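So the structure is just underneath, and the comments pick up after that.
The values are calculated or read from the model by the stated rules, or taken from the named source; none is laboratory data. Everything numeric in this text was worked out from a predicted model, so none of it was measured. Cβ coordinates were reconstructed from backbone atoms using ideal geometry, including for glycine residues, and neighbour counts include every protein chain displayed. The area values use the complete protein model at the heavy-atom level, side chains included, leaving out ligands, DNA and RNA. Shrake-Rupley method; radii C 1.70, N 1.55, O 1.52, S 1.80 Å.
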Amino acid sequence: MLTNDFDADGDLDLIAAIGDRVVWYERLDGQVAFGEEQTLWTAAPRSGSFQLFDLDDDGDLDVLQTRNNRNAEPHNFDDLYWIENLDGRGEFAPERRIVRNKHLSDITPADVDGDGDFDLVALTDLAGGLVWYEHLDGQVNFGQRNMIAPHAYGRSYKLADVDNDGRLDVVDGFREISWFENRPLGDVNDDGLFNSSDLVVVMQREKYEDPIPVWTQFLAKASKLGIDVSACV
């Protein structure tokens, strides 16, 4: 159960998952009286967690919900649905699937690539990939997954600007704590910038050698860091 002022009247309403439905109750008088149950949507029997976040950045909180697809094709895939808050007063759009991946969990919206909209970071797969999905157009359409760290199943992670360069890095922990630097693609000299100095390095080497794989912009920098992960967001 979560609370939020869905109808913008200054008091907290309730949202809850009940069986295969997600519903909300309007707080009527600012005290403890609530209105009748209002169904946001009827979900599949294997509905997962849900959270509130303004994914389209229009000033009101939308609903994000995961749904397990084990009894349908393709098997063992989870879907992430977005239910847009249309007016900030309790009117919601029909659900729309925005991401599909195996065993999707621990989803965090954040501006990973610094372009002003919210991307998604998540744990996926039994093998445990920590991945991110780029928000492509500001219209809540997402690209294919980008790997941050493989074999992260059972871990926890936080997002924080560890090196204070203005970009969100990933702090990942299980038996040890590691951080993955968010850096510009093409930064072959690893100075945090992509500029002419990188081109000089390429010409000197007579080949392009980026120290990170081409399918991610994150670089594993260190492990067993002496930092307080509770300070990460």
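Miscellaneous remarks
- Phi to ³J(HN,Hα) by Karplus 6.51 cos²θ - 1.76 cosθ + 1.60 over region 51-62, Hz, x for Gly, Pro: 9, 10, 7, 7, 5, 8, 6, 10, x, 10, 7, 8
- With θ taken as phi - 60° and the Karplus curve 6.51 cos²θ - 1.76 cosθ + 1.60 applied, the whole-hertz 3J(HN,Hα) list for region 27-40 is 7, 8, 10, x, 9, 10, 8, 10, x, 6, 4, 10, 7, 6 Hz, x standing for glycine and proline.
- Under 5 Å, built H, 5+ apart or other chain: amide partners of ASP5: ASP13
- Accessible-area ranking of ILE107, ILE83, ILE177, largest first, probe 1.4 Å: ILE177, ILE107, ILE83
- Solvent-accessible surface of protein heavy atoms, probed at 1.4 angstrom with all chains present, puts THR39, THR108 in the order THR39, THR108, largest first.
- Karplus 3J(HN,Hα) series, Hz, for region 108-119 with 6.51 cos²θ - 1.76 cosθ + 1.60 (x for Gly, Pro): 10, x, 6, 7, 5, 9, x, 9, x, 10, 8, 8
- Estimated at the nearest 10 Å², the accessible area of SER105 is 50 Å² with a 1.4 Å probe.
- Neighbourhood charge, 12 Å Cβ-Cβ cut-off, centred on ALA33 and excluding it, Lys, Arg +1 and Asp, Glu -1: -4
- Note on ASN141 and ARG89: with the Förster distance fixed at 25 Å, the Cβ-Cβ geometry gives a FRET efficiency of about 0.45.
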